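Novice: Following this message is one structure expressed as structure tokens.
The values are calculated or read from the model by the stated rules, or taken from the named source; none is laboratory data. Remember, predicted model here, so these are calculated numbers, not experimental data. Heads up, the Cβs are rebuilt from the backbone with ideal geometry, glycines too, and the neighbour counts pull from every protein chain shown. To get the accessible areas, we keep the full protein, side chains included, count just its heavy atoms, and leave off ligands, DNA and RNA. Shrake-Rupley method; radii C 1.70, N 1.55, O 1.52, S 1.80 Å.
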Amino acid sequence: MEYDDFLVYINGDFVRRSEAQFGLNDVGFRAGYVIYDTERTFDGKVYQLDIHLNRFWKSMKYVRLNPRITIDEMKEATLELAKRNDAIREPGDDYMISQIVTGGEGENRLSSDGKETPAGPTVIIWPDPMNWILYADAWNRGAHVVIPKTRSYSPHMLDSKLKHYSRFNMNMAVHEAHDVDPEAYALLTDMDGNISESTGSNFFIVTNGILKTPTDKSSLAGVSRMNILNLAEQLGIPTSVEDIQPYDVYTADEAFLTSTPHCLLPV
């Protein structure tokens, strides 16, 4: 599958990825005023789209970002984009698909006054290929995790329920983890030293037959995390959502990561 052959939705138009353009004065780029959510396809079909879009809309409402389209229109555009890209999808292959809304073109400001930029928001639906080789290796051998010194955002700074691109701390955490192990996933802690999340993944441990995951105080309550907790309930596996310290990770019987692209990775 050629990356540039993917179609991208930008402000109502479907264009080839190689022809997609994004304004350098967009406050999403210049001031980080951007919200997004991401699903993946299974055999070309978008998985749990309604759940992701509902979370997406709540995030935009919270940050006072108006996409100027309805949630139903976003759903229709996402499904249409997936349908059009399915024509170039190779058999057995799949891809990620993200909805992105920024504050749009305007002055380089923090957009804290609640006023929209003159051009309105930038609305993008963006497909990305799956990194099967990376995930396959981790599925086979188990992923590595390293706890770096960089912390997750405090909820006093940025609410963890928001799915946003303000991820400089996560980039630094990855660098610090790779200083120890180039193949490792960074596993961040909160300001109190409790485990929060990995960069794009939730984290679980199993101790004495109990499935445990951190609270959502400083980590995103991921959709895959929700799926795991629901499956555990159906299977009669006891669960606990609680503060988890590095000590608990080191002494756990099992551990794994969950996220939309790889679903579940053993650690």
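Novice: Output yes when any residue across the stretch 193-201 is touching an Asp or Glu at 6+ places or on another chain (Cβ under 6 Å), open to solvent by 10 Å² or more (accessible area, probe 1.4 Å) and touching a residue at least 12 places away in the same chain (Cβ under 8 Å), and no when none is.
Specialist: Yes: one or more hits.
Novice: Follow-up. Which residues, counting only those in the stretch 50-65, are open to solvent by 10 Å² or more (accessible area, probe 1.4 Å) and free of Cβ contacts under 8 Å to residues at least 60 places away in the same chain?
Specialist: Of everything in the stretch 50-65, those that are open to solvent by 10 Å² or more (accessible area, probe 1.4 Å) and free of Cβ contacts under 8 Å to residues at least 60 places away in the same chain turn out to be Asp50, Asn54, Trp57, Lys61, Arg64, Leu65.
Novice: Oh, and also: Considering the stretch 51-69 alone, what residues qualify as being assigned to a helix (DSSP H, G or I) and in contact with a helix residue (DSSP H, G or I) (Cβ under 7 Å, 6 or more places away or on another chain)?
Specialist: Ile51, His52, Leu53, Trp57
Novice: Of all the strands (runs of 3 or more DSSP E) wholly in the stretch 136-240, which have at least 3 residues that are closer than 21 Å to Arg40 by Cβ and at pLDDT 95 or above?
Specialist: Fully inside the stretch 136-240 and qualifying: 202-207.
Novice: Being touching a residue at least 40 places away in the same chain (Cβ under 8 Å), out of contact with any Lys or Arg (no Cβ under 8 Å at 6 or more places or on another chain) and open to solvent by 50 Å² or more (accessible area, probe 1.4 Å) is the requirement here; does Tyr185 meet it?
Specialist: no
Novice: For the stretch 21-46, name all the residues that are open to solvent by 30 Å² or more (accessible area, probe 1.4 Å), part of a loop (DSSP other than H, G, I, E, B), within 28 Å of Trp132 (Cβ to Cβ) and without any contact (Cβ under 8 Å) to a residue 60 or more places away in the chain.
Specialist: Asp43
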